[in-house]
Amino acid sequence: MKFAALVAMLAEDLEEQAIASAKAAGAGGVTILNGRGLGNEQKKTFFGLTFEGGQTVMIFVLEKKLSLKVMKRLVDDLDLKNHSSGVVFTLPLEHIAGIDHQQIEQFEQLIKNDL
């Protein structure tokens, strides 16, 4: 079984919606990190204070085919094609340890259902 890491860097206010969408597409657990991004545009200031919106970095470890399904669901549900509120990408994983056996069984069942 091949695995991929799906990484979603999103505006902080999209976190709950992203988790719900990913779970609906078959994702299990997720690691969530707080982040901060710098873009090309000038940040807004108010009385000398710069406002920088927060970002959420979400990392899912998924079976490779499932990672594409979850990624497409996130792009559609969060409307990432039309709004620059986040970036989603996958990375192949060569070696992995520590995944719960229940999670692997769930991945196998999802693959069997797709066949």
Check your understanding: Among the candidates ALA27, ALA18, which residue alone is at pLDDT 85 or above and assigned to a loop (DSSP other than H, G, I, E, B)?
Key -> ALA27
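Restricting attention to region 58-101, which residues are in a helix (DSSP H, G or I) and among the acidic types (Asp, Glu)?
The initial filter retains those residues of region 58-101 that are in a helix (DSSP H, G or I), namely 64-77, 101.
Selection gives ASP76, ASP77.
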Review point. When both residues are 6+ apart or on different chains and their Cβ atoms are under 6 Å apart, which pairs have a first residue that lies in region 11-26 and is surrounded by 14 or more Cβ atoms within 10 Å (Cβ to Cβ), and a second that is charged (D, E, K, R)?
Key: SER21/ARG73; SER21/ASP77; ALA25/LYS69; ALA25/ARG73
Exercise for review: State which residue pairs qualify: first residue within 22 Å of ALA20 (Cα to Cα) and inside region 78-99, second residue exposed (fewer than 11 other Cβ atoms within 10 Å of the Cβ) and hydrophobic (A, V, I, L, M, F, W, C) in any location, beta carbons under 7 Å apart, and separation of 6 or more residues or different chains.
Suggested key: none
Point to revise | Among (1) modelled with pLDDT of 75 or more; (2) in contact with a Lys or Arg (Cβ under 9 Å, 6 or more places away or on another chain); (3) surrounded by fewer than 14 Cβ atoms within 10 Å (Cβ to Cβ) - the single one THR50 does not satisfy | key: (1)
Practice item. Identify all residues within region 1-15 that are of a type outside the set (Gly, Ala, Ser) and farther than 23 Å from PHE107 by Cα; write none if there are none. Key: MET9, LEU10, GLU12, ASP13, LEU14, GLU15
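The values are calculated or read from the model by the stated rules, or taken from the named source; none is laboratory data. Predicted model only: the values in this text are computed from it and were never measured. Ideal geometry is used to build each Cβ from the backbone, glycine not excepted, and the neighbour counts take in all protein chains shown.
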